[in-house]
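Below is one structure, written out as structure tokens; the observations come after it.
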Amino acid sequence: MTETLSIRQLGPADRDAFFALRLRGLKTHPAAFGQSYDEAIERGPSQFDSMLSGMRAAEGSFLLGAFSPPAGAMVGTVGLMRETRHKERHKGYVIGMYVADEAAGRGVGRALLTALIARAAQVDGLRQIMLLVTSANASARGLYESLGFRVYGTEPDALCIDGVFHDADLMVRFM
């Protein structure tokens, strides 16, 4: 799939497709996100308008989408959110990593993260990118490790989903 896959920065015109895909992810893989499905519905798609505007993309805050041919359906997303506080501007956070089930295992996640890392490397002053992944998600952690991320700690009980607590591995990749 990656030979014909298209990855690009998302913009305002992608809002509805992005939000629909995000809702799918929140519903089918709740342990992969800090936000719940109900919270996303309550806040609505406008919560992403600032990121989708692209106004801070050059500074290191952007959303990417993966599109598969022939219809060009969005099958994956990932974002980078750069820290805005002066003492922490050297850090960015991987957010919203998701690949639709029908595209899983075909290199979409790797392609998205590779594109994110390449763009992050061009951001002036960005020294490291960080992420959280639930400790039980070995396949995602393996992908992240294969792209240079390393575990630097574990947050016990990081997420509570329907009364069940999940630990999260904290990972970092230096540029």
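The values are calculated or read from the model by the stated rules, or taken from the named source; none is laboratory data. The shown structure was predicted, so the numbers you read here are calculated from the model rather than taken from an experiment. Here the Cβ positions follow ideal geometry from the backbone for every residue, glycine too, while neighbour counts run over all protein chains shown.
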Exercise. Starting from the range 97-116, keep only residues that are more than 12 Å from residue 65 (Cβ to Cβ), then list their pairs with residues that are among the basic types (Lys, Arg) whose Cβ atoms are within a distance under 9 Å, requiring at least 6 positions of separation or different chains.
Key: 101/24
Practice problem: Kindly provide the set of residues from the range 56-88 that are farther than 20 Å from residue 114 by Cβ, surrounded by fewer than 14 Cβ atoms within 10 Å (Cβ to Cβ) and not small (Gly, Ala, Ser), ordered by number. | Solution: 70, 84, 85, 86, 87, 88
Exercise. Of all residues in the range 1-48, count the ones that are part of a loop (DSSP other than H, G, I, E, B), touching a strand residue (DSSP E or B) at 6+ places or on another chain (Cβ under 8 Å) and over 28 Å from residue 163 (Cα atoms).
Key: 4
Self-check item: Selection within the range 105-129 - touching a strand residue (DSSP E or B) at 6+ places or on another chain (Cβ under 9 Å) and either under 25 Å from residue 23 (Cβ atoms) or of a type in the set (D, E, K, R) (or both)
Solution: 105, 106, 108, 109, 111, 112, 113, 115, 116, 119, 127
Quiz item: So, in the range 49-66, of the ones that are assigned to a helix (DSSP H, G or I) and among the polar types (S, T, N, Q), which residue ends up farthest from residue 91 (Cα to Cα)?
Solution: 53
Quiz item: Which members of the range 146-156 meet the condition of being over 28 Å from residue 87 (Cα atoms) and either surrounded by 12 or more Cβ atoms within 10 Å (Cβ to Cβ) or among the charged types (D, E, K, R) (or both)?
Solution: none
Quiz prompt | Candidate set: the range 89-113, residues that are among the β-branched types (Val, Ile, Thr) and under 11 Å from the mean Cα position of the chain (by Cα); chosen: the one surrounded by the fewest Cβ atoms within 10 Å (Cβ to Cβ) | solution = 95
Practice problem: Could you please tell me which pairs satisfy a Cβ distance under 9 Å, a separation of 6+ or placement on different chains, a first residue in the range 15-43 that is under 14 Å from residue 63 (Cβ atoms), and a second residue that is of a type in the set (D, E, K, R) and surrounded by fewer than 16 Cβ atoms within 10 Å (Cβ to Cβ)? | Solution: 15/49
Practice problem: Would you mind stating whether residue 131 is out of contact with any Ser or Thr (no Cβ under 6 Å at 6 or more places or on another chain), under 16 Å from residue 172 (Cβ atoms), modelled with pLDDT of 90 or more and of a type outside the set (S, T, N, Q)? | Solution: yes
Quiz prompt | Single residue of the range 162-175 satisfying the filter (part of a strand (DSSP E or B), among the hydrophobic types (A, V, I, L, M, F, W, C) and touching a Lys or Arg at 6+ places or on another chain (Cβ under 7 Å)) that is surrounded by the fewest Cβ atoms within 10 Å (Cβ to Cβ) | solution = 174
Practice problem: Sort through 143, 132 and tell me the only one that's assigned to a strand (DSSP E or B), crowded, with 16+ Cβ neighbours inside 10 Å and in contact (Cβ under 8 Å) with a residue 24 or more places away in the chain. | Solution: 132
Quiz item: In the range 147-161, how many are in contact (Cβ under 8 Å) with a residue 24 or more places away in the chain and either in a helix (DSSP H, G or I) or under 22 Å from residue 27 (Cα atoms) (or both)?
Solution: 3
